[in-house]
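Student: Dropping the structure in here first, questions after.
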Amino acid sequence: MSSNLQVGEGTQSQVAPERVFFANLGSWAIMYCMTPSLITIVILGIAIIVLVVWLILLERRIAKLVGGSDASSLEDTITKNQKDLGELFAFKQAVETEINEIDKRMKKKLHGVRMLRFNPFHGTGSGGNQSFATAFLDEEGNGAVLSSLYSREKVSIFAKPVVNRTSEFELSEEEKEVLK
């Protein structure tokens, strides 16, 4: 029996070196081939989980947007909003037109009043600073100048039309001053 053992041991030691290399290579090959496959499977599994979570969140957002209504009622809502938007645009146009008309009218309204008191009779002591010149003008400089000359004996009042801050009538220095 001892000879059989030795023969058996001898046969194992006589195994071709190529077979040992390929036998060891098989376990390494399995490990090297399976590891990338396992990593790919894990990555794909994580990607699937992420996509499922994203899909669930997207479904919730859509449900919140629709609010439990069906697609036709959502379409009706969008159509109504478009109609309301058209009406709002028309209203905006009407308001802009009205504002432009009001602006045109406001330019013709009294824009400023300027008054200057003066003494037309310097040195005589008559009148003091009781005389005045007042301009009533719109934004374009059209209106009137009202002047008063005061003396102890009488008061004279003059009104002169003004167009573009000038008058066809002769203006005193005080009247020219209030038109500036």
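The values are calculated or read from the model by the stated rules, or taken from the named source; none is laboratory data. Remember, it's a predicted structure, so these values are computed and weren't measured experimentally. Note: ideal-geometry Cβ built from the backbone for every residue, glycine included; neighbour counts use all protein chains shown.
Student: Just to be sure I understand, how many residues within segment 109-143 are surrounded by 14 or more Cβ atoms within 10 Å (Cβ to Cβ), modelled with pLDDT of 85 or more and not in a loop (DSSP other than H, G, I, E, B)?
Tutor: 13
Student: Do the conditions hold for residue 156, that is, is it of a type in the set (Gly, Ala, Ser), without any contact (Cβ under 8 Å) to a residue 24 or more places away in the chain and in a strand (DSSP E or B)?
Tutor: Answer is yes for this residue.
Student: Can you pull out every residue in segment 159-173 that is over 20 Å from residue 139 (Cα atoms) and either in contact (Cβ under 8 Å) with a residue 60 or more places away in the chain or not in a loop (DSSP other than H, G, I, E, B) (or both)?
Tutor: Listed by number, the list holds a single entry, 173.
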